[in-house]
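Below is one structure. I have some questions about it.
Only the coordinates and a few stated rules stand behind these numbers; no lab work does. Fair warning: this is a prediction, and the values are worked out from it, not measured in the lab. For neighbour counting, all protein chains shown are included, and Cβ atoms are generated from backbone atoms with ideal geometry for every residue, glycine included.
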Amino acid sequence: MEEYCQITISATSKEEADRISDLLVKKKMIAGSLIIKGDSRYWWNNEIVEKEYHNIQAFSLLKNKDKIIEEIEKIHSDESPIISITKIDGNRKFLNWIKDSID
């Protein structure tokens, strides 16, 4: 039985979010994505950093986890990008769409 996942990926700009999302969709590693913009505050190099980020919510099969992380890390501008992967379940049509959309 397939295991499905949602991947959350931080991006430093809309252009970077588009580039990451487009690459993963074109390589059929994710079925699709949603990009949401928001403010971020975090601890980095002994100080609080405030920055606007674009978060990508993408959908895939858990078996693609390592390949997805590798592709993102190749092109991401952050030294330590956020790549969070969570197992998901859902309605059959949604899960079938994910499975049918990726390799």
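Could you check how many residues of region 45-103 are over 17 Å from the mean Cα position of the chain (by Cα), under 26 Å from E15 (Cβ atoms) and surrounded by 10 or more Cβ atoms within 10 Å (Cβ to Cβ)?
Residues meeting the conditions: 2.
Could you list all residues from region 24-44 that are closer than 19 Å to K14 by Cβ and free of Cβ contacts under 8 Å to residues at least 40 places away in the same chain?
Scanning region 24-44 gives V25, K26, S33, L34, I35, I36, K37, G38, D39, S40.
Taking only region 24-44 into account, find how many residues are surrounded by 16 or more Cβ atoms within 10 Å (Cβ to Cβ) and over 10 Å from the mean Cα position of the chain (by Cα).
3
Being of a type outside the set (A, V, I, L, M) and touching an Asp or Glu at 6+ places or on another chain (Cβ under 7 Å) is true for just one of K87, K93. Which residue is that? Step through it out loud before you land on a result.
Numbers: K93 fails: touching an Asp or Glu at 6+ places or on another chain (Cβ under 7 Å).
The match here is K87.
Give me the pairs, please: first residue somewhere in region 54-79 and without any contact (Cβ under 8 Å) to a residue 12 or more places away in the chain, second residue anywhere and assigned to a strand (DSSP E or B), beta-carbon distance under 8 Å, and either six or more positions apart or on two chains.
E73/I83
Just checking, how many residues over region 8-23 are free of Cβ contacts under 8 Å to residues at least 24 places away in the same chain and loosely packed, with under 14 Cβ neighbours inside 10 Å?
Number satisfying all stated conditions: 2.
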